[in-house]
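Derivation of every value follows stated rules applied to the coordinates shown; laboratory data play no part. Quick caveat: nothing in here was measured; it's all calculated off a predicted structure. Methodologically, a virtual Cβ is constructed for each residue, glycine included, from the backbone with ideal geometry; neighbour enumeration extends over all protein chains shown.
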Amino acid sequence: MEWKRQQQEFEATTAELKELLFNKGREYAGDYDALGNFKSGLEIGITSKQKLWIFLDKHLCSIKSFIKHDKTFSNESIESRINDAINYLFLLRCLIAEEREKNSNEARSPDESF
């Protein structure tokens with residue numbers, strides 16, 4: 001693939017990822033907490049990152065099957081599965097960032113708060 005074509009593919013993919021993340025994500029997570037759908041397992045001992053992994057793994061298994069068999073076994077395209085996996089990795093990054101922010105805020109003493 002030529003560099004120019006790769007750049008076009010990148011631009012198209014990132015546009016698809018953005019639309020998917022913000023439209024489909026709102027459907028699952030709700031209006032306030034963009035990561036809320038991953039937190040609903042906390043009451044039964046499933047962490048947000050574990051729940052995300054379960055969702056991501058489904059797509060990774062499908063991608064692995066595509067690589068092995070060179071075809072899909074459902075109506076969902078391989079590009080759609082790849083996009084979902086990329087977005088789940090981005091959401092994992094967001095969960096980690098949120099966790100670090102929370103830990104950082106808890107580590108501050110009350111005198112350091114503004």
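Quick one: of K18/K39; K4/K39; K4/K58; K39/K68, which pairs are farther than 29 Å apart, Cα to Cα? From the list (K18/K39; K4/K39; K4/K58; K39/K68), the Cα-Cα distance tops 29 Å for K4/K39; K4/K58; K39/K68.
Determine which aspartates and glutamates satisfy two conditions relative to K51: a Cα distance under 14 Å, and not lying fewer than 8 residues away in the same chain. Answer for K51, where 14 Å is the Cα cut-off: E43, listed by chain and number. With the simple spin-label model, which puts each label point 7 Å out from Cα in the Cβ direction, the F55 to L17 separation comes to 1.6 nm. Where is the GNM fluctuation largest for the chain (alpha-carbon springs, 10 angstrom cutoff): D57, D84, D33? Looking only at D57, D84, D33, the largest GNM fluctuation is found for D33.
A simple spin-label model places pseudo-atoms 7 Å from Cα toward Cβ; at E43 and F73 they are separated by 3.5 nm. Each stretch of four or more DSSP H residues adds -39500 (n - 2.57); spread over every residue of the chain, this sum gives -24500 deg cm²/dmol at 222 nm.
Compared with the direct C-alpha span, the chain from N103 to R5 gains 31.0 nm at full extension, assuming 0.36 nm per residue.
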